[in-house]
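The values are calculated or read from the model by the stated rules, or taken from the named source; none is laboratory data. Note that the structure is predicted; figures quoted are calculated from it, not measured. Reconstructed Cβ throughout: ideal geometry from the backbone, glycine too, with neighbour counts over all protein chains shown.
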Amino acid sequence: MQLITTTTALAEFCAAARAAPYVTVDTEFLRERTYYAQLCLLQMALPGPDGPTSGPAVLVDPLADGLSLDPFYELLRDESTVKVLHAARQDLEIFFIEGGVLPKPLFDTQVAAMVCGFGDQAGYETLVRKLAKAQVDKSSRFTDWSRRPLSDAQLKYALADVTHLRVVYEALDAKLQATGRAPWVVEELQTLSDPETYIQRPQEAWQRVRTRNDSGRFLAIVRELAAFRESYAQGRNVPRSRVYKDDALLELASVKPTAPEDLGRTRLLLREARKGEIANGILEAVARGMACDPEDFPKAQAGRENMQVNPALADLLRVLLKAKSDSTDVAAKLIASASDLDALAAGFRDVPALAGWRAEVFGTDALRLCRGEVGLAVKGGKVDVFGI
């Protein structure tokens with residue numbers, strides 16, 4: 001077990017990785033007390049000449065004095081080596097925020113597993129058990145990875161997240177090549193590979209706050225309060241909830257405080273937020289929302305909460321989706337969500353299930369079903385689609 005603590009040693013391993021067909025990557029991090037995740041450990045493994053498990057595997061300590069991750073970020077940019085991760089979303093956010101880079105080409109084994117018949121959001125332990133015929137020890141799952149020194153048991157646990165991943169990757173890749181579905185995975189990974197996925201703009205933060213109040217003035221105040229909270233949290237690297245939670249934000253937008261003493265009467269606001277910088281920021285945000293010109297009011301999300309769903313058609317679409325999922329061995333959740341089916345049954349056509357590989361698997365027949373051009377017939381345990 002090699003623990004890398006110097007830039008020189010990291011550069012040597014990354015040079016070897018750039019000559020390999022792929023490298024498996026995982027991270028250990030903390031983000032409970034910060035806005036941005038704190039990278040605490042980086043794990044990598046390479047295939048070997050005698051099979052996927054015969055290559056080297058290393059742990060990198062990003063908290064080691066003087067260690068630079070620049071060689072690793074250069075590896076992520078090298079398009080000759082596939083970067084393999086499992087459930088990569090949070091790892092990629094760290095790489096983008098800290099290194100300004102997203103790995104290319106990327107392979108996410110969780111996404112690939114959904115395409116290959118392993119169900120919705122297949123866990124790493126499940127894939128290791130089924131494909132690598134091994135067990136993963138999760139006893140160190142709740143480790144504080146920022147504490148040093150790390151024990152041998154913790155390091156062994158972390159390393160297992162990339163050593164078994166080599167076998168998982170090769171098995172899934174072989175299945176994708178055999179079925180011709182590799183382009184489906186590439187299509188699915190476009191969002192993960194898009195920098196926009198990881199950019200949090202304060203003026204857009206209000207869109208993540210759930211409210212049923214679609215009053216323009218109310219939403220203008222929500223927008224300003226959410227923007228202040230996001231900017232404050234980013235600037236001081238603290239969680240949004242440490243500034244104020246969504247329920248407190250909505251209460252503030254309703255009561256519209258104009259003076260510090262008004263904040264003291266807000267039930268849901270943390271004591272620390274009733275004074276100083278946060279209190280001033282709240283009052284200024286409310287004032288901006290109150291002064292907002294009606295022409296500049298944010299528009300409520302063009303949600304589909306009040307859409308007129310045809311319940312019978314929605315049920316038929318669910319049956320069709322189940323049939324298509326079974327026949328293609330692709331996770332139903334990956335093909336279409338429940339809200340997508342309801343949207344289709346309400347007449348909406350701007351849903352992901354009607355584009356790309358999903359249209360081929362499900363969307364084309366779903367539209368035909370909506371138009372009354374096909375019906376469904378049950379034959380034993382199988383559902384068939386027939387023309388009308």
Seminar exercise, completed: Of the listed residues (D329, D365, D350, D315), the one being surrounded by 11 or more Cβ atoms within 10 Å (Cβ to Cβ) and without any contact (Cβ under 8 Å) to a residue 40 or more places away in the chain is D315
Exercise. Within the bounds of the range 140-154, is there any residue that is touching a helix residue (DSSP H, G or I) at 6+ places or on another chain (Cβ under 9 Å), under 17 Å from M1 (Cβ atoms) and aromatic (F, W, Y)?
Worked result: yes
For this session: For the range 297-309, state whether one or more residues are at pLDDT 95 or above and surrounded by fewer than 19 Cβ atoms within 10 Å (Cβ to Cβ).
Result: yes
Exercise. When M307 is evaluated against the numbered criteria (1) farther than 25 Å from A233 by Cα; (2) over 29 Å from the mean Cα position of the chain (by Cα), which criterion, by number, is the only one it fails?
Worked result: (2)
For this session: Please go through the range 20-58 and pick out each residue that is at pLDDT below 95 and of a type in the set (S, T, Y).
Result: T53, S54
Exercise. What single numbered condition from (1) closer than 19 Å to E98 by Cα; (2) aliphatic (A, V, I, L, M); (3) touching a helix residue (DSSP H, G or I) at 6+ places or on another chain (Cβ under 7 Å) fails to hold for L30?
Worked result: (3)
For this session: Output the qualifying pairs, or none if there are none: Cβ atoms under 6 angstrom, residues six or more apart or on different chains, first residue in the range 268-282 and farther than 16 Å from E230 by Cα, second residue modelled with pLDDT under 95 and not aliphatic (A, V, I, L, M).
Result: R274/G264
Exercise. Can you name every residue in the range 120-142 that is in a helix (DSSP H, G or I) and without any contact (Cβ under 8 Å) to a residue 24 or more places away in the chain?
Worked result: E125, T126, R129, K130
Exercise. Among the listed residues L176, L165, L189, which satisfies the condition of being touching a helix residue (DSSP H, G or I) at 6+ places or on another chain (Cβ under 8 Å), surrounded by 14 or more Cβ atoms within 10 Å (Cβ to Cβ), closer than 29 Å to E230 by Cα and outside the structural domain of P352 (by TED's automatic domain parsing)?
Worked result: L189
Exercise. For the range 58-108, how many residues meet the condition of being under 13 Å from C14 (Cα atoms), crowded, with 19+ Cβ neighbours inside 10 Å and not basic (K, R)?
Worked result: 9
Problem set entry | Evaluation of A343 against (1) surrounded by 20 or more Cβ atoms within 10 Å (Cβ to Cβ); (2) out of contact with any Lys or Arg (no Cβ under 6 Å at 6 or more places or on another chain) (one fails), failing number | (2)
Exercise. Inside the range 324-378, can you point out the residues that are among the basic types (K, R) and either farther than 16 Å from R181 by Cβ or more than 25 Å from the chain's Cα centre (by Cα) (or both)?
Worked result: K324, K333, R349, R368, R371
